[in-house]
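J.: Can you keep this structure in mind? I'll have questions shortly.
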Amino acid sequence: MQLVPTQEEVVGLLRETGALRDGHFEYPNGLHANEYLQVALAMRSYQHSKTMSVALSRMVRANPEIRALIGELSIVAPGTGGLPVAYGICEALRAHQVYWAERSDGTQPLRFRQYFEMAPGEKVLLVDDILRSGKQLAELKNLVESKGGQVIGLAVIVYQDTPRTIKFDPLPFYYLARLDATYYKDAASCDLCKRGAPVEKVWI
Ligand SMILES: [Zn+2]
């Protein structure tokens with residue numbers, strides 16, 4: 001594998017580890033899809049996680065404006081899924097620090113733990129394993145800005161956008177692979193249901 005793996009190599013790794021699955025899936029919100037992705041399954045292997053975060057860090061470092069700020073850069077994730085990516089990038093870049101936000105339960109807003117304070121104008125790179133709707137990263141961006149930080153870019157392993165995905169322009173945005181699954185808004189409009197394919201319910 002090259003220092004920055006190709007889209008095919010990343011997809012191959014996701015398939016090989018069971019992180020990317022073909023089939024017929026039903027999401028908790030009722031959507032049906034022909035593909036399911038759970039990047040955490042690929043991150044069980046430390047070596048895979050390292051390969052992907054080092055690759056992503058190389059793309060980030062190639063940006064001269066971000067490169068100039070690496071010594072003071074905070075790498076911040078919106079939850080546990082982004083943690084291996086955040087630590088991997090922080091190590092590879094030798095950035096200043098890494099931390100994450102979380103929710104006290106699924107319905108609460110994202111927050112940082114007690115006593116986390118941001119320096120005024122603190123430079124922040126937002127990272128996660130996947131960007132799908134963009135809601136999670138948009139909420140994290142607002143949280144960082146409300147604490148006085150400045151988001152200077154975003155990086156994720158997989159970009160799986162839909163026409164409704166939130167855009168973060170003009171911020172630089174990096175990803176290793178871009179995937180597009182076919183989604184159906186419910187069982188009634190699902191081609192796979194029409195063909196009688198057995199459906200599997202997924203948690204997230
Ligand atoms: Zn279906």
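The values are calculated or read from the model by the stated rules, or taken from the named source; none is laboratory data. Quantities reported herein were computed from a predicted structural model and do not represent experimental measurements. Positions of Cβ are generated from backbone atoms using ideal geometry, with glycine treated the same way; all protein chains shown enter the neighbour counts. What goes into the accessible areas is simple: the full protein's heavy atoms, side chains included, and nothing from ligands, DNA or RNA. Shrake-Rupley method; radii C 1.70, N 1.55, O 1.52, S 1.80 Å.
J.: Only one of (1) at pLDDT 95 or above; (2) in a helix (DSSP H, G or I); (3) surrounded by 14 or more Cβ atoms within 10 Å (Cβ to Cβ) fails for LYS50. Which number is that?
T.: Only one criterion is unmet by LYS50, namely (1).
J.: Can you say whether PHE168 is closer than 28 Å to THR51 by Cα and open to solvent by 20 Å² or more (accessible area, probe 1.4 Å), as far as the supplied structure shows? Talk me through it step by step, then tell me what you get.
T.: Details: closer than 28 Å to THR51 by Cα: yes; open to solvent by 20 Å² or more (accessible area, probe 1.4 Å): yes.
Here the answer is yes, as PHE168 does meet what is asked.
J.: Right, another one. With the requirement that a residue be part of a loop (DSSP other than H, G, I, E, B) and at pLDDT 95 or above, what does segment 135-165 give you? First the steps, then the outcome.
T.: Initially, segment 135-165 is screened for residues part of a loop (DSSP other than H, G, I, E, B), giving 147-149, 160-165.
Listed by number, the residues that qualify are LYS147, GLY148, GLY149.
J.: While we're on this one: Tell me, yes or no, whether segment 190-199 has at least one residue that is open to solvent by less than 40 Å² (accessible area, probe 1.4 Å), more than 16 Å from the ligand (Cβ to nearest atom) and not in a loop (DSSP other than H, G, I, E, B). Working first, answer last.
T.: Of segment 190-199, the ones open to solvent by less than 40 Å² (accessible area, probe 1.4 Å) are 190, 192, 197.
Still in the running and more than 16 Å from the ligand (Cβ to nearest atom): none.
Within segment 190-199 (the criterion being open to solvent by less than 40 Å² (accessible area, probe 1.4 Å), more than 16 Å from the ligand (Cβ to nearest atom) and not in a loop (DSSP other than H, G, I, E, B)), the answer is no, since none of the residues qualifies.
J.: Taking segment 25-37 on its own, how many of its residues are touching a residue at least 40 places away in the same chain (Cβ under 8 Å) and open to solvent by 40 Å² or more (accessible area, probe 1.4 Å)? Quick ask: steps written out before the conclusion?
T.: At the first step, the residues of segment 25-37 found to be touching a residue at least 40 places away in the same chain (Cβ under 8 Å) are 25-28, 30-37.
Next, from what is left, pick out any that are open to solvent by 40 Å² or more (accessible area, probe 1.4 Å): 26, 28, 31, 34.
Summing the residues that are touching a residue at least 40 places away in the same chain (Cβ under 8 Å) and open to solvent by 40 Å² or more (accessible area, probe 1.4 Å) in segment 25-37 gives 4.
J.: Can ASP186 be described as away from the ligand (no atom under 16 Å from the Cβ) and either open to solvent by less than 70 Å² (accessible area, probe 1.4 Å) or closer than 23 Å to ASN142 by Cα (or both)?
T.: On the way: away from the ligand (no atom under 16 Å from the Cβ): no; either open to solvent by less than 70 Å² (accessible area, probe 1.4 Å) or closer than 23 Å to ASN142 by Cα (or both): yes.
When the stated conditions are applied, ASP186 does not pass them.
J.: Please enumerate the residues belonging to segment 86-137 that are closer than 15 Å to LEU171 by Cβ, without any contact (Cβ under 8 Å) to a residue 40 or more places away in the chain and open to solvent by 20 Å² or more (accessible area, probe 1.4 Å).
T.: Taking segment 86-137 as the starting set, the residues that turn out to be closer than 15 Å to LEU171 by Cβ are 123-128, 131, 134, 137.
Add one more test, that the residue is without any contact (Cβ under 8 Å) to a residue 40 or more places away in the chain, and what stays is 134.
Result: no residue meets the conditions.
J.: Tally time: how many residues in segment 11-24 are of a type outside the set (S, T, N, Q) and open to solvent by 20 Å² or more (accessible area, probe 1.4 Å)?
T.: Summing the residues that are of a type outside the set (S, T, N, Q) and open to solvent by 20 Å² or more (accessible area, probe 1.4 Å) in segment 11-24 gives 7.
J.: Against the condition open to solvent by 70 Å² or more (accessible area, probe 1.4 Å), in contact with a strand residue (DSSP E or B) (Cβ under 9 Å, 6 or more places away or on another chain) and more than 16 Å from the ligand (Cβ to nearest atom), how does GLU145 come out, does it pass?
T.: Numbers: open to solvent by 70 Å² or more (accessible area, probe 1.4 Å): yes; in contact with a strand residue (DSSP E or B) (Cβ under 9 Å, 6 or more places away or on another chain): yes; more than 16 Å from the ligand (Cβ to nearest atom): yes.
Answer is yes for this residue.
J.: In segment 9-47, what residues are within 16 Å of the ligand (Cβ to nearest atom), in a loop (DSSP other than H, G, I, E, B) and of a type in the set (Gly, Ala, Ser)?
T.: Taking segment 9-47 first, the residues within 16 Å of the ligand (Cβ to nearest atom) are 21-36.
Next, from what is left, pick out any that are in a loop (DSSP other than H, G, I, E, B): 27-31.
Hit for segment 9-47 is GLY30, nothing else.
J.: Could you tell me whether ALA42 is within 15 Å of GLN160 (Cβ to Cβ) and open to solvent by less than 20 Å² (accessible area, probe 1.4 Å)? Outline the logic, then answer.
T.: Numbers: within 15 Å of GLN160 (Cβ to Cβ): yes; open to solvent by less than 20 Å² (accessible area, probe 1.4 Å): yes.
Yes.
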